[in-house]
Amino acid sequence: MRRSDLVGDATDVAPRLLNALLSVRDADGVLRVGRIVEVEAYRGSHDPASHAYRGLTRRNATMFGPPGSLYVYRSYGVHWCANVVAGVDGTAEAVLLRAVEPVAGVASMRVARAGIARDVDLANGPGKLCAALSITGEDDGTDLCSRRSRIRLLRDGVDAPIRPTVTTRVGITRAVDRPWRFLVPDHPGVSRGRPSTVAR
DNA sequence: CTTTGGATCGTCT
DNA sequence: GACGATCCAAAGG
């Protein structure tokens, strides 16, 4: 995707990332590809639930950089979670990638997620997604718009849904009522979180 | 099916 | 020193 596609408020960029492809190249050249089916918007200084709400820190620095970067953080000391940085340089708009549908490199994902029976369970959560694609803190700051990067955001002709499903966000304790979770409607590969659906 | 608790550690208070 | 933008297994109905 072009960097210009990611300029804007996270709440506007997030639904536009649905059905885009997240592609990760292994050291051996194998590609693992997932279709993005669930995202959440985090709006920096405008959003008490954002890691960036209280300003720039060592951890969240990538979010304050240019759009198109990958912000990776550790969750609960155990898992990795990944965001696409949006907005413009100096703001901290970000889109948390919460679920992808495995599209290619499924065998590699199965190795990375040993013991998972169904393909749909390989990457239907933010921590699972990073595990399935082997995204770690080492990937923080990756430019997703560069041809040279091992992790990229791509379009394959499948457009974002005209009317995504919209709900409140999962797993947060502040700003819990904001309808900033976006899903491909009726897709089986979304995460377990079940907040209330928001009518539009 | 739902609920509960443990893992585990960097970050910020 | 407390707390997570989570996941999973085990226990309970």
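Just so it is clear, none of the values below were taken in a lab; they were calculated from the coordinates. Remember, predicted model here, so these are calculated numbers, not experimental data. Virtual Cβ from ideal backbone geometry, glycine too; neighbours counted across all protein chains shown.
Values as computed for the structure displayed
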item	result
Top of A:V170, A:V88, A:V111 by mean-square fluctuation, Gaussian network on chain A, Cα under 10 Å	A:V111
For A:L129, net neighbour charge (Lys/Arg +1, Asp/Glu -1) across residues whose Cβ lies under 12 Å away	+2
FRET efficiency for A:D119 and A:R54, using Cβ-Cβ distance with R0 set to 45 Å, rounded to 0.05	0.70
Kirkwood hydrodynamic radius of chain A, from inverse mean 1/r over distinct Cα pairs, in Å	16.5
Cα shape, segment A:1-86, gyration tensor, a/c 1.5 rule	oblate
Residue among A:R16, A:R32, A:R58 with the largest mean-square fluctuation in a Gaussian network model of chain A, springs linking Cα atoms under 10 Å	A:R58
Spatial separation of Cα centroids for segment A:120-193 and segment A:10-83, in angstrom	8
Those trypsin sites (Lys or Arg not before Pro) in segment A:136-198 that DSSP places in a loop and that have at most 12 other beta carbons within 10 Å	A:R147, A:R148, A:R174, A:R192
Modelled FRET efficiency - R0 41 Å, A:D26 with A:D177, Cβ distances, 0.05 increments	0.50
Note, ³J(HN,Hα) from phi for segment A:19-24, Karplus 6.51, -1.76, 1.60, rounded to Hz, x at Gly and Pro	6, 6, 9, 9, 10, 10
